[in-house]
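Structure first, then comments.
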Amino acid sequence: MKMIIVIVKDHDADLLTQAFTAASFRVTRVASTGGFLRSGVVTMLLGVDEEQVDAVIQTVRNSLPPKADQKRATIFVVPVQHYEQV
């Protein structure tokens with residue numbers, strides 16, 4: 001299992017959430033701030049099986065293509081050793 005953390009600007013969050021949902025990925029959104037000017041960003045958390053990681057990353061790339069040398073998302077893939085739902 002992997003935890004994928006995707007950080008995007010506020011204005012890209014709805015589009016990406018819809019793309020994840022359409023691709024049957026469950027996503028949790030957390031509003032946050034960061035960057036040089038403390039601009040609004042959204043942190044998205046997705047828990048997926050290891051074989052789904054590439055599909056999630058491809059969903060981000062397809063939904064948020066770069067604009068004029070500007071990066072639109074930061075993605076972290078973190079191993080999960082244990083999780084449980086209670």
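The values are calculated or read from the model by the stated rules, or taken from the named source; none is laboratory data. Keep in mind that what you see is a predicted model, and the values were worked out from it rather than measured. Neighbour counts are summed over all protein chains in view; Cβ atoms, including those assigned to glycine, are modelled from backbone coordinates with ideal geometry.
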Any residue at all in segment 12-27 that is loosely packed, with under 12 Cβ neighbours inside 10 Å, modelled with pLDDT of 95 or more, in a loop (DSSP other than H, G, I, E, B) and in contact with a strand residue (DSSP E or B) (Cβ under 9 Å, 6 or more places away or on another chain)?
yes
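Of the residues in segment 6-59, how many are among the aliphatic types (A, V, I, L, M) and closer than 19 Å to Val80 by Cβ? It would help to see each step written out before you state the result.
Initially, segment 6-59 is screened for residues among the aliphatic types (A, V, I, L, M), giving 6-8, 13, 15-16, 19, 22-23, 27, 30-31, 37, 41-42, 44-46, 48, 53, 55-57.
Checking which are closer than 19 Å to Val80 by Cβ leaves us with 6-7, 27, 30, 44-46, 48, 53, 55-57.
Result for segment 6-59: 12.
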Looking at (1) surrounded by fewer than 10 Cβ atoms within 10 Å (Cβ to Cβ); (2) in a helix (DSSP H, G or I), find the lone condition where Pro65 falls short.
(2)
Restricting to segment 33-48, what's the tally of residues that are at positive phi and either surrounded by 15 or more Cβ atoms within 10 Å (Cβ to Cβ) or part of a helix (DSSP H, G or I) (or both)?
0
So, in segment 68-81, of the ones that are within 15 Å of the chain's Cα centre (by Cα) and more than 13 Å from Lys2 (Cβ to Cβ), which residue ends up surrounded by the fewest Cβ atoms within 10 Å (Cβ to Cβ)?
Lys71
Can you go through Glu51, Glu84 and tell me which one is surrounded by fewer than 11 Cβ atoms within 10 Å (Cβ to Cβ), modelled with pLDDT of 95 or more and not hydrophobic (A, V, I, L, M, F, W, C)?
Glu51
What are the pairs with Cβ atoms under 6 angstrom where one residue, in segment 1-13, is in contact (Cβ under 8 Å) with a residue 12 or more places away in the chain and the other, located anywhere, is among the small types (Gly, Ala, Ser) and in a strand (DSSP E or B)? Sequence gap at least six, or different chains.
Met3/Gly47; Val6/Ala73; Val8/Ala73; Asp10/Gly40
